1. Take the alpha carbon atoms of the stretch 378-410, find their center, do the same for the stretch 181-222, and report the distance between the two centers in whole angstrom.
2. If contacts are Cα pairs under 8 angstrom and at least 6 residues apart, what is the relative contact order of the chain in percent?
3. So how much slack lies between residue 172 and residue 403, counting 0.36 nm per residue of separation and subtracting their Cα-Cα distance, in nm?
4. Go through (i) 28.2, 111; (ii) 23.0, 82; (iii) 28.9, 88 and flag the label whose value is the computed Rg and Dmax of the Cα atoms in Å for this structure.
5. Determine the calculated [θ] at 222 nm for the chain from helices alone, applying -39500 (n - 2.57) to every DSSP H run no shorter than 4 residues and normalising by the residue count; nearest 500 deg cm²/dmol.
6. How much length, in nm to one decimal, is gained on full extension between residue 158 and residue 19, taken as 0.36 nm per residue of separation minus their Cα-Cα distance?
7. Okay, which of the stretch 125-142 sit inside 13 Å, backbone N to the point 7 Å along the Cα-Cβ direction of residue 448?
8. Using a basic spin-label model with each label point 7 Å from the Cα along Cα→Cβ, how many nm lie between residue 391 and residue 263?
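We did not get these values from a lab; they are worked out from the coordinates using the rules stated. Everything numeric here is computed off the predicted structure, so don't read it as measured data. Here the Cβ positions follow ideal geometry from the backbone for every residue, glycine too, while neighbour counts run over all protein chains shown.
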């Protein structure tokens, strides 16, 4: 039997509380416990005018941005629609049931203006790091670092061959940022190599084909994480080349030490960070154990003796070949900062030609040369330390733990849906990476610290 159609008569009065309609286990309810924006207004006050109409509450804009990045809503137009319709989003933003939602253009106006001038998004990210430290999620003993390429908002089929072809006369924001960062070690001066193609809409983005597929314009997001709970301690935006990744690693370590007073004992990373100069910086300047594979190009493919087959005598400062002959240094031992240092920071050790001529091992050592030469970096001590660490059980653990960084990048691209940037220019990329890292830290705290739970032990 078919039921009768019923039509609910509208009541004259309603009693409705958003608080009652947001589930207790909702992600935003858990995240709200760790969002501390008390100092937001004072931080932004110098960037507002004392006259005119009152502006939209900056806390509302920040909370809406948090919703967008935490929930993977990439479009700001769609974000405004979702906040308008979703009760949980309205509750998190403090809009109530009837509060008006700002227009999507408000985000762009504030981002290019007072937010960027005040470095607000950087401050918000650091707020999440301080919350993680206060909740006991940061151990401070072991760090890991890595970088990942993110596609830029630039058409790969539209490019110019050189910076001279960029439209300087009517330069837009991304072009002006590019020219202002040509001397920055993370962008223009990271390498003297001229890029093959330059995007006229985002020239700081680097033409990249590292994935093995079609090349594309990209930026790099660099993460420095604490290995205890995979909390992102710092984030840095660079151009998509390896030289810039090392620069970003140094900046992040220095900034973490200055901002939070945390000095890690060890750093886990892949071979991209295993250059002699970087290992020396970690060991001698920062006192950090490098759990990093040494970047070494001394291997030979012709079956002759490699450098590792030669024994270095630290006392006498010479090498001993497999045949027992000595290879002595041609240069006196000097520091890299001296004007007469080797231009490539490599010391040359050579054997005697007379000894090599009568040696029975010459065909396996230097068959095409009169005598054997061995190169040694002036930072070889740091390289040797990294090689010794690579033989320990602690290195095996670090090699496994550094995958936590790659998991964060996978979460960034697949869950937060940041596999392509929406904003252009270095500042636009920096804004997106700061917000994304803050969202990941907030989700981390919401997952690991249930409501009412005490802070974790440090």
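1. 28
2. 20
3. 79.3 nm is the gain from fully extending residue 172 to residue 403.
4. So the calculated entry is the one marked (i).
5. About -10000 deg cm²/dmol.
6. 45.0 nm
7. Hits in the stretch 125-142 for residue 448 at 13 Å: 129-142.
8. Taking the two extended label points, one gets 2.8 nm.
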